[in-house]
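See below for the structure under consideration.
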Amino acid sequence: MSQQKDHTPQTLLIDESRLDIYHPVSLTADLSSLTDNQREMLGVLIDASKIMDDLFWQQAFDGDKQEFLSSVQDKKVRQFADINYGPWDRLNADKPFLSGVDEKPAGAQFYPEDMAKAEFEAADFADKTGLYSMVVRNASGALLSVPYSEYFKDSLTQAAALLRQAADLAEHQPFADYLRLRADALLTDEYQPSDMAWMDMKSNPIELVYGPIETYEDQLFGYRAAFESYVLLKDLAWSERLARYAGFLPELQQGLPVEDAYKQEMPGANADLNAYDVLYYAGHSNAGSKTIAINLPNDEGVQLQKGTRRLQLKNAMRAKFDHILLPIAEILITPQQRKHITFDAFFANTMFHEVAHGLGIKNTLNGAGTVRQALKEHASALEEGKADVLGLYMVTQLLEKGEITEGTLEDYYVTFMAGIFRSVRFGASSAHGKANMIRFNFFNQAGAFTRDENGLYSVNMNKMQQAVDSLSELILTLQGDGDYEGVDKLVQEKGLIKTQLAEDLARLTDAEIPVDITFKQGKDILGLQN
């Protein structure tokens with residue numbers, strides 16, 4: 001069994017101070033420009049998002065959410081369990097934090113808990129590696145898949161009805177069309193038409209990212225998508241500043257520091273890049289560390305035909321910068337370089353991380369299918385690592401072209417260095433955290449930064465740029481080759497926190513710097529109750 005079910009009192013297995021690693025932030029925004037219909041629609045979208053939240057609980061946790069939470073007597077521990085969607089600490093390698101709890105299954109609840117990887121790989125059944133199905137056992141114990149639309153039928157039917165209700169209230173026709181297509185997808189598991197429709201929306205002020213999307217929760221194979229939702233409000237002023245960058249993708253693809261074979265796929269140049277304030281997070285997006293930027297859709301076919309959309313979540317990003325990144329810099333970055341830690345650089349590094357997902361290669365060169373399929377459970381961590389280093393590559397190139405006029409290259413590199421310390425604290429169970437561990441150890445070996453006798457870090461600009469190019473080439477080659485063994489070796493050798501870094505991260509804990517943020521959110525926070 002994966003967690004305690006007899007409701008006896010649990011003992012906390014962690015230091016109580018860990019219950020405070022999340023800084024609470026209220027998700028608010030200026031809704032004064034919205035019409036009555038739009039405000040009503042936001043309320044419906046939040047109601048629909050709560051269904052995604054409940055479904056993600058079912059994918060992450062083997063048990064009844066309410067029974068589990070009500071069995072946790074201490075309020076702070078119960079809040080911590082709610083943030084983590086179960087009794088496992090997502091920012092501490094998914095270790096149990098309550099007694100009577102086994103290790104979290106690597107496949108979460110997407111697969112039978114008694115299923116070994118070898119059994120799955122030897123089995124032959126329909127939709128074996130599908131994004132939108134649960135793997136279960138039939139009456140004789142054999143493995144089979146059940147589509148989400150069937151497995152979660154009642155909840156998805158309710159969700160689809162709410163999306164159609166929101167569509168009736170929508171004042172932007174392409175958004176209404178998307179909502180109706182997304183409602184259809186929930187009931188058919190055919191998401192590509194709604195992904196295409198989502199790519200065609202350009203001027204809607206209200207945005208919804210909804211459904212089974214990311215595969216990070218499936219740490220066994222990285223095949224199955226988890227339910228989540230974001231309700232967003234476009235920041236028109238910031239979006240205008242970002243609009244011109246997407247058009248550079250084809251040119252930047254050609255200049256990647258890797259052999260031509262690994263950059264032969266040409267990304268679309270018509271993808272848009274916009275800034276948003278988040279109004280509501282639900283499901284996977286709300287579990288543990290909070291997303292501050294989105295790059296979607298994940299469908300490789302849609303990406304190659306239409307590119308991707310990059311959504312920068314400005315209010316969440318600002319909260320992390322103010323409450324986490326700046327305090328980290330005060331402790332770990334040398335005083336001479338602290339002036340280079342800026343919000344503009346943090347915003348741009350995050351933005352270009354998302355844009356960089358569109359660079360590189362989506363399909364292996366050796367016929368092993370997509371990169372995601374070939375690299376299995378390591379695909380997400382390597383893709384996040386690629387986006388980080390290629391984001392810096394993009395910043396460097398665009399600064400040289402004069403297309404970026406804010407700040408200096410040192411601003412972006414030093415802010416990026418401080419960002420490594422922020423993200424590596426997410427732990428090994430996070431694809432982003434694992435990617436940061438690999439990069440930190442790679443950069444350390446390359447001399448991209450130094451650490452003085454006082455434990456303060458400084459960036460070596462020349463060696464940092466060389467390390468970015470070298471790591472970019474390595475990652476792009478591993479992806480193009482579909483080299484699972486090579487990626488596994490990289491993760492084993494460099495995807496870990498070594499002693500010196502662990503001691504430095506402990507200094508951040510001692511200083512009570514939060515690891516991440518958590519949200520006070522909902523219709524009441526937004527003034528939508530009436």
Pair list, Cβ under 9 Å, 6 or more apart: the range 438-454 residue of a type in the set (Asp, Glu), other residue at pLDDT 95 or above: Asp452/Thr334; Asp452/Ser458
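Taking the conditions exactly as written (touching a residue at least 40 places away in the same chain (Cβ under 8 Å), over 26 Å from Glu190 (Cα atoms) and of a type in the set (Ser, Thr, Tyr)), does Tyr85 satisfy them or not?
yes
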Qualifying positions in the range 162-174 - surrounded by fewer than 22 Cβ atoms within 10 Å (Cβ to Cβ) and assigned to a helix (DSSP H, G or I): Leu162, Arg164, Gln165, Ala167, Asp168, Leu169, Gln173, Pro174
Glu240 being crowded, with 21+ Cβ neighbours inside 10 Å and either closer than 22 Å to Gln397 by Cβ or of a type in the set (D, E, K, R) (or both): no
Residue in the range 352-365 that is over 30 Å from Glu406 (Cα atoms), in a loop (DSSP other than H, G, I, E, B), more than 15 Å from the chain's Cα centre (by Cα) and among the hydroxyl-bearing types (Ser, Thr, Tyr) present: yes
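Determine whether Phe56 is buried (at least 18 other Cβ atoms within 10 Å of the Cβ), in contact with a Gly (Cβ under 7 Å, 6 or more places away or on another chain), within 30 Å of Pro205 (Cβ to Cβ) and not aliphatic (A, V, I, L, M).
Criteria met by Phe56.
Restricting attention to the range 245-276, and to residues there that are in a strand (DSSP E or B) and among the hydrophobic types (A, V, I, L, M, F, W, C), which single residue is modelled with the lowest pLDDT?
Leu273
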Scan of the range 15-29 for residues that are acidic (Asp, Glu) and either in contact with a Ser or Thr (Cβ under 9 Å, 6 or more places away or on another chain) or part of a loop (DSSP other than H, G, I, E, B) (or both), ordered by number: Asp15
Qualifying residue in the range 277-300 (condition: part of a loop (DSSP other than H, G, I, E, B), without any contact (Cβ under 8 Å) to a residue 24 or more places away in the chain and surrounded by fewer than 21 Cβ atoms within 10 Å (Cβ to Cβ)): no
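Condition check: aliphatic (A, V, I, L, M), under 21 Å from Thr477 (Cβ atoms), out of contact with any His (no Cβ under 7 Å at 6 or more places or on another chain) and at pLDDT 90 or above. Does Leu375 satisfy that?
When the stated conditions are applied, Leu375 passes them.
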Answer from Asp127, Asp177 - the residue that is closer than 20 Å to Val231 by Cα, surrounded by 15 or more Cβ atoms within 10 Å (Cβ to Cβ) and of a type in the set (Asp, Glu): Asp177
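Taking the stated definitions as given, is Thr477 within 23 Å of His323 (Cβ to Cβ), outside any strand (DSSP E or B) and either in contact (Cβ under 8 Å) with a residue 40 or more places away in the chain or of a type in the set (D, E, K, R) (or both)?
no
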The range 205-235: number of residues that are acidic (Asp, Glu), buried (at least 22 other Cβ atoms within 10 Å of the Cβ) and in contact with a Lys or Arg (Cβ under 8 Å, 6 or more places away or on another chain): 3
Residues of the range 491-522 classified as touching a residue at least 60 places away in the same chain (Cβ under 8 Å) and within 24 Å of the chain's Cα centre (by Cα), total: 18
Selection status of Asp483, acidic (Asp, Glu), over 29 Å from Ser285 (Cβ atoms) and more than 22 Å from the chain's Cα centre (by Cα): yes
Residue under evaluation Ala502, criteria (1) under 30 Å from Leu365 (Cβ atoms); (2) modelled with pLDDT under 95, criterion not met: (1)
Total residues in the range 372-419, condition under 30 Å from Asp483 (Cα atoms), surrounded by 23 or more Cβ atoms within 10 Å (Cβ to Cβ) and among the β-branched types (Val, Ile, Thr): 2
Count of residues meeting criterion [in a loop (DSSP other than H, G, I, E, B) and closer than 13 Å to Ala348 by Cβ] in the range 392-430: 6
Test: Leu186 is assigned to a strand (DSSP E or B), in contact with a strand residue (DSSP E or B) (Cβ under 9 Å, 6 or more places away or on another chain), touching a residue at least 24 places away in the same chain (Cβ under 8 Å) and crowded, with 17+ Cβ neighbours inside 10 Å: no
Selection count where residues are buried (at least 20 other Cβ atoms within 10 Å of the Cβ) and over 19 Å from the mean Cα position of the chain (by Cα), scope the range 303-317: 0
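The values are calculated or read from the model by the stated rules, or taken from the named source; none is laboratory data. Computed from a predicted model, the values in this text were never measured in an experiment. All Cβ positions, even for glycine, are placed from backbone atoms using ideal geometry, and neighbour counts span all protein chains on display.
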